[in-house]
Amino acid sequence: MAIPVPPPSDAPRSPMRPASAMSVLAALLDRSLDRMADAAADVRRFDREAIREAADVWDNNLFPLFWAASTSNAGRRERRARTVLEWMAGFGERRRAWMTDQAAIAGYDIEPLVPPAKLQAPGRDYRGHVMAPQCRLTRHNVDELVPDYDLAAASVRHLRVERAGTRLTAFVQLVADRRFAVDEAAPPALLDVWLDDVTDIAFDLADTRGAILHTGPREVGISLGPGGRLRAAGGEYRLDDRSWHLSTTGRRADATTPARTSRSNPPRRPPGADLDPDAHAAATLLHHAMLELRSVRYAAHADDVPVTKLCEAFSGAGEAILTAGSQRGARRREAAFRDVIRTWADQGDPDITRWIATVLRARAGRTDIIDAPRPEQRTTPTLDDGTPVSRTPSQAVLVMASWTATHTDYGTERPAAAQLHFALPPRNDDTSSAPWRLRTVDCADPDTFRLCTDAFQGPGRLVRVGKSTTARGLDLHQGALHVTTGAGRSAPVT
């Protein structure tokens with residue numbers, strides 16, 4: 001059961017060019033920055049997953065890219081770049097598909113440069129037990145799942161619906177009772193379900209127990225409780241169950257999966273060698289920028305990450321690294337990499353320039369490349385922006401809504417919570433052409449959480465509901481989103 005390949009991007013594609021491995025590497029970096037900038041350009045269509053996915057590619061591939069680029073010998077540079085591309089593509093079918101798609105958008109055919117895709121199969125954990133693979137949401141796969149897990153008695157631990165550009169995606173995590181015996185005190189079995197191109201949503205707190213997975217040729221989905229439902233064009237699921245190897249399906253997989261040996265998962269080290277000091281400083285800076293961009297994966301901090309500003313500052317990094325690395329002689333290369341860092345600082349606004357200076361000092365021990373401008377004094381934004389009287393913004397666009405049940409996580413009790421991402425108009429001027437802004441609202445232990453399809457229809461009137469002595473909360477699109485909490489007020493923007 002293979003992990004499904006993500007759908008191809010709808011971005012325009014350039015005519016295919018003869019593929020140079022180093023040119024493809026540089027283009028993949030520049031495509032990543034462009035992709036993230038596009039995903040955050042208008043927060044009313046914020047695509048958090050696209051940003052996380054693109055930034056995550058470079059966690060352990062940036063230093064290899066710098067290593068590949070840092071030689072004036074064209075043949076050596078090409079051999080290094082091919083090694084790096086093969087290393088990158090070895091992280092699974094999904095990563096390889098991402099590389100193929102993004103290279104094609106840039107006009108390159110990557111297929112001749114990387115090994116053929118491998119069929120995804122169950123692996124084994126450190127105990128030697130076979131692990132459940134990630135599966136497409138199909139009738140065959142659901143028929144294999146149902147005999148081992150009692151979905152009718154399952155409970156919702158987490159539900160999240162969010163925008164991905166012009167589409168909607170959803171994630172549902174269920175706690176499912178096993179129908180098979182386990183031989184140890186195992187933690188609860190969790191069933192994670194992802195849905196793409198969501199078309200229909202209905203959920204409230206009466207719909208947290210009982211689930212039915214639906215599959216069909218044109219639509220899949222999940223029914224929750226008496227009235228909850230999510231419908232989508234496609235989806236997949238994965239069991240997070242350390243006892244899956246004891247299930248009927250797990251035993252069949254165990255019989256056909258090779259035993260784990262010392263060579264089954266050999267340590268993987270990224271290709272490369274030590275960089276010269278200035279190339280290392282540039283690589284460290286860009287790597288830290290990718291980590292900062294990837295932190296949008298934490299929904300509570302998504303509105304703190306300056307995605308657009310970072311992408312603007314590092315725009316064209318792939319081509320700049322290739323040009324600097326191909327200079328003849330170590331001194332020229334080092335000078336070129338210093339110039340690259342200064343260009344990045346010049347392309348950023350004062351906040352980003354200060355950030356760059358801080359990272360260079362703290363992460364690379366360099367204070368000699370750029371000077372940081374003085375910090376500006378600023379106020380902390382809240383949901384109640386406005387003058388002369390503090391008020392709720394007149395309208396908002398719902399970007400993400402999630403609810404989490406009370407549960408125990410690694411021995412710690414976690415209270416119920418709701419979390420919302422809103423795109424809000426420019427402060428004090430709802431008709432301004434200035435960019436909308438992303439804000440996160442956390443609601444502790446909500447009394448009410450209701451979410452329907454219309455909540456995501458676009459700008460709507462955002463209303464505070466309740467009184468100071470009762471549960472208070474927020475309402476959007478006349479009840480399509482309705483959240484209240486007994487804390488005496490709706491939670492502040494984080």
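Hydrodynamic estimate: the Kirkwood radius of the stretch 87-135 over Cα pairs, inserted into Stokes-Einstein at 37 °C and 0.692 mPa s, corresponds to D of 263 µm²/s. Under the simplified labelling scheme, the S72-S433 pair shows an inter-label distance of 4.8 nm, with each label point 7 Å from Cα along Cα→Cβ. In the chain, the calculated helix contribution to ellipticity at 222 nm averages -9500 deg cm²/dmol per residue, counting -39,500 (n - 2.57) for every DSSP H run with n ≥ 4. Rg over Rh for the stretch 34-101 works out to 1.08, using Cα positions for both radii and the Kirkwood form for Rh.
Over the Cα atoms of the stretch 192-331, the radius of gyration divided by the Kirkwood radius equals 1.14; this is the Rg/Rh ratio.
Taking every C-alpha pair closer than 8 Å and separated by at least 6 residues, the mean separation divided by the residue count of the chain gives a relative contact order of 16 percent.
Convex hull volume of the Cα atoms of the stretch 213-290, normalised per residue: 257 Å³. In the stretch 210-271, Cα pairs under 8 Å separated by at least six residues give a relative contact order of 17 percent.
In whole angstrom, note down how far apart the Cα centers of the stretch 171-231 and the stretch 131-163 are. The distance from the Cα centre of the stretch 171-231 to that of the stretch 131-163 comes to 6 Å. Spherically averaged projected area of the convex hull of Cα atoms, the stretch 259-368: 10.0 nm². As a calculated quantity, the FRET efficiency between A121 and D276 at R0 = 45 Å, using C-beta atoms, amounts to about 0.60. Straightening the chain between S394 and R238 buys 52.1 nm, computed as 0.36 nm per residue apart minus the Cα-Cα spacing. Calculated on C-alpha atoms, the gyration radius of the stretch 54-184 divided by its Kirkwood radius gives an Rg/Rh of 1.09.
Here the chain is treated as an ellipsoid with the same Cα gyration tensor; its semi-axes, largest first and in whole Å, are 40, 34, 19. Extension gain, I212 to D177: 0.36 nm times the residue separation minus the Cα-Cα distance gives 11.2 nm. With the simple spin-label model, which puts each label point 7 Å out from Cα in the Cβ direction, the H407 to T248 separation comes to 2.6 nm.
If you take every residue apart from D200 with its C-beta less than 14 Å away from the C-beta of D200, what net charge results, scoring Lys and Arg +1 and Asp and Glu -1? Summing Lys and Arg as +1 and Asp and Glu as -1 gives -1.
Readers should treat all values here as calculations from the given coordinates under stated rules, not as data from a laboratory. Because the structure is predicted, anything quoted here is derived from the model rather than measured. Virtual Cβ from ideal backbone geometry, glycine too; neighbours counted across all protein chains shown.
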